[in-house]
Amino acid sequence: MGAMTSRPKDITGLGRPTAVVVMTWLACLAPLSGAEFHELDTDRDAFTPATTTAKVGTVLTEASYVWIDNRGLPATNSFPELLVRLGVRERFEWRLGFNFEQNSGGSVVAAVEVGEPPEGQAGTEEANLLYGCKLRVTDQAGWMPRSAAIVEAFTPVAGDIWGTEPSATYTFGWELPAEWRFDTAIRYARAESEEGWFDRWMPSTVLRMPVTDRWEVHAEWFGSWTQGLANDKVQPFAGPGTHFMLTPSFEIGCRMGWGLTRDAAGYFVDAGAGWRF
């Protein structure tokens with residue numbers, strides 16, 4: 001008989017595919033030689049936008065998938081929540097984006113504005129283009145917070161077509177000891193429903209806490225209040241979030257929250273990424 005050959009043993013005790021995945025994650029978690037990690041300050045990281053603008057000459061791209069558990073209605077699927085931020089001046093950026101939403105239930109838990117579907121009925125689908133700009137207004141100096149203003153609009157391109165919805169946001173906050181950050185914002189949108197145009201006010205506040213130079217966690221409260229509908233809605237949410245920087249220019253993150261009133265969705269989860277080039 002010919003000599004029998006045997007395959008070399010996998011010294012990790014894992015199958016080859018599993019070992020590759022584990023080694024890849026270990027490589028991501030391992031310190032990068034000489035790399036310095038600085039926050040990308042993505043707006044998708046929380047409902048409260050960052051108080052900074054994209055750096056001059058860079059493109060900061062953000063994307064997410066959001067799942068919303070609507071009470072008594074089909075769950076909403078929202079993706080890709082795409083936002084492209086173009087740094088063109090030291091304090092100014094252009095913003096372009098796109099999103100598609102299935103079974104819109106009216107709950108606003110991300111940066112994409114939506115109209116209000118008929119009472120007790122989820123919309124079939126909705127696709128929007130986002131366009132606007134962001135201006136850094138002040139830098140932190142003592143009690144003076146760092147702040148920024150966002151002006152943008154959302155134009156439907158598919159689905160239950162409603163009119164273009166303008167939106168304005170003012171966000172401000174302070175860097176605290178131990179590199180903690182406390183930010184708050186107020187956002188206003190002029191939206192449309194089958195009853196006509198109405199106002200939507202969206203305050204929010206978030207406490208951001210770094211764990212390492214690559215890993216940050218946060219706790220956030222935000223909400224949506226409508227004004228001008230036959231049955232106005234109060235939809236507050238609260239929940240945690242986190243993000244981890246795989247490289248100095250790429251991060252992944254997840255946030256979730258629970259609705260605090262019967263008007264609000266029961267639960268949502270948001271997973272996404274941000275990368276700068």
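Things worth noting here:
- Residue within region 188-209 that is without any contact (Cβ under 8 Å) to a residue 60 or more places away in the chain, out of contact with any His (no Cβ under 9 Å at 6 or more places or on another chain) and among the aliphatic types (A, V, I, L, M) present: no
- Taking first residues from region 262-275 that are aliphatic (A, V, I, L, M) and partners that are part of a loop (DSSP other than H, G, I, E, B) and buried (at least 18 other Cβ atoms within 10 Å of the Cβ), the Cβ contacts under 7 Å between residues at least 6 apart in sequence or on separate chains come to ALA264/SER107; ALA265/ASN70; ALA265/GLY105; ALA265/SER107.
- Assessment of region 226-237 against the conditions (touching a Leu at 6+ places or on another chain (Cβ under 6 Å) and under 19 Å from ALA75 (Cα atoms)) yields at least one matching residue.
- Lone unmet requirement of (1) over 25 Å from VAL137 (Cα atoms); (2) at pLDDT below 95; (3) in contact with a strand residue (DSSP E or B) (Cβ under 8 Å, 6 or more places away or on another chain) for LEU73: (3)
- So MET202, is it out of contact with any helix residue (DSSP H, G or I) (no Cβ under 6 Å at 6 or more places or on another chain), closer than 19 Å to GLU81 by Cβ and assigned to a strand (DSSP E or B): yes
- If you filter region 253-277 down to residues that are of a type in the set (A, V, I, L, M, F, W, C) and within 11 Å of the chain's Cα centre (by Cα), you find that the one that is nearest to THR42 (Cα to Cα) is ALA273.
- Scope region 150-174; condition among the hydrophobic types (A, V, I, L, M, F, W, C) and either closer than 23 Å to PRO49 by Cβ or part of a loop (DSSP other than H, G, I, E, B) (or both); matching residues: ILE150, VAL151, ALA153, PHE154, ILE161, TRP162, ALA168, PHE172, TRP174
- Some residue of region 146-156 being of a type in the set (Val, Ile, Thr), in contact with a strand residue (DSSP E or B) (Cβ under 7 Å, 6 or more places away or on another chain) and either under 20 Å from VAL88 (Cα atoms) or modelled with pLDDT of 95 or more (or both): yes
- Boolean, ASP232 is within 30 Å of TRP197 (Cβ to Cβ), not in a strand (DSSP E or B) and not basic (Lys, Arg): yes
- Residues in region 203-213 that are buried (at least 20 other Cβ atoms within 10 Å of the Cβ) and farther than 18 Å from PRO177 by Cβ: 1 in all.
- For THR247, the conditions (1) buried (at least 16 other Cβ atoms within 10 Å of the Cβ); (2) touching a residue at least 60 places away in the same chain (Cβ under 8 Å) all hold with the exception of (1).
- The one condition in (1) crowded, with 22+ Cβ neighbours inside 10 Å; (2) small (Gly, Ala, Ser); (3) out of contact with any Pro (no Cβ under 6 Å at 6 or more places or on another chain); (4) at pLDDT 95 or above that GLY173 fails to fulfil: (3)
- Of residues in region 250-277 being hydrophobic (A, V, I, L, M, F, W, C) and not in a strand (DSSP E or B), the one surrounded by the fewest Cβ atoms within 10 Å (Cβ to Cβ): PHE277
- Of the residues TRP67, TRP94, the single one that is surrounded by fewer than 22 Cβ atoms within 10 Å (Cβ to Cβ) and in contact with a Cys (Cβ under 8 Å, 6 or more places away or on another chain) is TRP94.
The values are calculated or read from the model by the stated rules, or taken from the named source; none is laboratory data. None of the values given here were measured: they were computed from a predicted structure. With ideal geometry, Cβ positions are generated from the backbone for all residues, glycine too; neighbour counts draw on all protein chains shown.
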